[in-house]
Amino acid sequence: MSIPERLAAGEPGWTTDADVVVVGSGIAGLIAALRLRDRVGTVLVVTKDVLSAGSTQWAQGGIAAALGPGDTPAQHEHDTLIAGAGACDPAAVRVLVTEGPEAVRELIALGANFDHSADGELSLTREGGHHRDRIAHAGGDATGAEIQRALVAAIKAAPDIEVVEHALAVDLLLSAYDGTGAVAGITLHVMGEGQRDGVGAVRCRAVVLASGGLGQVFSQTTNPAVSTGDGMALALRAGAVLRDLEFVQFHPTVMYLGPDSRGQQPLISEAVRGEGAVLVDFAGNRFMQGVHELADLAPRDVVAKAITRRMHEEGQPHMWLDARHLGAAFWERRFPTILATCRSHGIDPVTELIPVAPACHYASGGVATDLWGRSSVPGLYATGEVACSGVHGANRLASNSLLEGLVFSRRIAEVLPDELAHQTDAAPDPRTPGVVAADVRGALQATMTERVGVLRSATGLDLAATELAALADKDGEIGTGGWETTNLVTLSCALTDAARHREETRGSHWREDFPERDDAHFAGHFDVTMTGGRIEVAFRSAPASDGAEERR
Ligand code: SIN
């Protein structure tokens, strides 16, 4: 098996120049663009669909920061490290929690309307793994949509930022392809009109990846259709290190729509449990009690595992969320979006239980970055879900994702302007191009869901590797379907390989055959690289970061 070293695409039919290209238009991308606009000459934002189509707008619960009375960054830090199960980078977590409150205040100043109580204080709620109310929210359960609205308005009011919509990022152009090269540009495929239609090249001095996650690797996910891992895959092809790919978070309470439902599924926010909803089995028993001191509000991996166990024990495809006691008025005020979604699927949560099951929600790993968003390729930065900054470890704490994009995009804008190299020409590209057949996507998602999902084992992972290798060998046609599928195959192979190597259970990585956490052998990270179309996985040890060592 060989994975395409670059995506086969026609010769660029158009070219343009920019100092910095930002790929992605969620909170991470738009904050980076807004912060960079006065600090570099030209900023070009490219986004795969329209400006508002990414993951940010789907975020329900909110954004976590120590903003409430009595709360402190140190307490937020503690909860983040515990949720991350010893695999966080403590320095990155410290940055996140200390810079978070100011970053959220700045977002509010920029025009995002968060919910306030009757006495004018910011309303804060609680989600899994938090010991304090520290989740700021907007429109009840429409936090992401409100942030996206405010940021899109700010971008539209900044005519010096050029935006190209319907632009798929194909591959990076480098000054050399021998492992020493820096970013010299990026190729795009634009479904547009006039001069910027089809494949083109942007000559640039830096690229900021803010292109989101890889949820479409699985059959059911809370991620939108655009989340096909394009940014992670192009970074891997360009020689960047990807880290912690095996840590894919499964959200415990995704509405179960039946065995044949595929693609993006409706999220039932943890905030619903934060307001008092509880999980029950088919006999009406509250099965989270006794599993964890926080019961229904335990960290996400603990709840997802408990639901999965109970599903297996009862032979059922889902469990139930009981939020009937919240009452109609509360539901309408606090969770209008979820209420409408449930009702549109024939469930009234005011009077009925909601069927829920875990589904892929978030990639805690991604392009490995330092504390300033720098990847291992000069001129390539990454922020938000595409990145692995080290703040999530093996299991992201609820509502830390919007915050990560916000904080680390601000940091990138601090250092990038001083690091901009002169524009260099792209070297002739020696990498072998290829495209995987678009029609293998369903088989790929079935393999990943069945064998690399919530519960993993050596047998399943080995089978997955064999099946994925066969899928990767099926050549396809140049075009969006083939490019996206090539990215999905590339990341599925990388993720599966990393998961095979981690022979322990930690955070969201649950191994049936290695049920315990094993700090003696696996405190650290698996770094993934690709050379000559082959995935390589290397272990980098690091002390466990959640205080487990000291507590023993
Ligand atoms: C949720 O609202 O439950 C999701 C929030 C998150 O993913 O952090």
With a 1.4 angstrom probe the carbon and sulfur portion of accessible area for the chain, in percent, totals 51 percent
Mean separation of Cα contacts under 8 Å (at least 6 apart) over the residue count of the chain, i.e. the relative contact order in percent, is 23 percent
Under the rule of at least 5 residues apart or a separate chain, name every residue whose amide H is placed under 5 Å from the amide H of VAL356. TYR256, MET319, TRP320, LEU321
Please give the charge dipole size of the chain, origin at the Cα centre, charges +1 on K and R Cβ atoms and -1 on D and E Cβ atoms. Round to the nearest 20 debye. 280 debye
If you stretched the chain out fully between ARG333 and ARG540, how much longer would it get, using 0.36 nm times the residue separation minus the C-alpha to C-alpha distance? 69.7 nm
Distance (nanometres) between label positions extended 7 Å along Cα→Cβ at GLU11 and ALA340: 5.0 nm
Cα-based shape type of region 399-479, given that a ≥ b ≥ c are square roots of the gyration tensor eigenvalues and the cut on a/c is 1.5: oblate
Excluding residues fewer than 8 positions from LYS48 in its own chain, the lysines with Cα under 20 Å of it are LYS156
When only alpha-carbon atoms are used, what values of Rg and Dmax, in angstrom, describe region 155-271? 17.7, 50
Based on the alpha-carbon gyration tensor of region 493-552 and its eigenvalue square roots a ≥ b ≥ c, which shape applies: rounded if a/c is under 1.5, prolate if not and a/b is larger than b/c, or oblate? oblate
Along principal axes, Cα extents of region 1-100, largest first, whole Å: 58, 45, 27
Translational D (Stokes-Einstein, µm²/s) of the chain at 37 °C and 0.692 mPa s when Rh comes from the Kirkwood sum over C-alpha pairs? 141 µm²/s
Taking a ≥ b ≥ c as the square roots of the eigenvalues of the Cα gyration tensor, with a/c under 1.5 meaning rounded and otherwise prolate when a/b exceeds b/c and oblate if not, region 83-171 is oblate
Which of the GluC sites (Glu not before Pro) found in region 73-123 are loop residues per DSSP with 11 or fewer other Cβ atoms within 10 Å of their Cβ? GLU121
Table column - 3J(HN,Hα) (Hz), region 164-178, Karplus curve with 6.51, -1.76, 1.60, x for Gly and Pro: 10, 8, 6, 10, 8, 6, 8, 8, 7, 9, 10, 6, 7, 10, 9
Give a quick list of GluC sites (Glu not before Pro) in region 264-351 that DSSP marks as loop, anything other than H, G, I, E or B, with at most 10 other Cβ atoms within 10 Å. GLU293
Could you work out the relative contact order of region 36-150, using alpha carbon pairs under 8 angstrom and six or more residues apart, expressed as a whole percent? 38 percent
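The values are calculated or read from the model by the stated rules, or taken from the named source; none is laboratory data. Small disclaimer: the values here were computed from a predicted structure and weren't measured. Neighbour counts are summed over all protein chains in view; Cβ atoms, including those assigned to glycine, are modelled from backbone coordinates with ideal geometry. All accessible areas refer to the heavy atoms of the entire protein, side chains included, with ligands and DNA or RNA removed. Shrake-Rupley method; radii C 1.70, N 1.55, O 1.52, S 1.80 Å.
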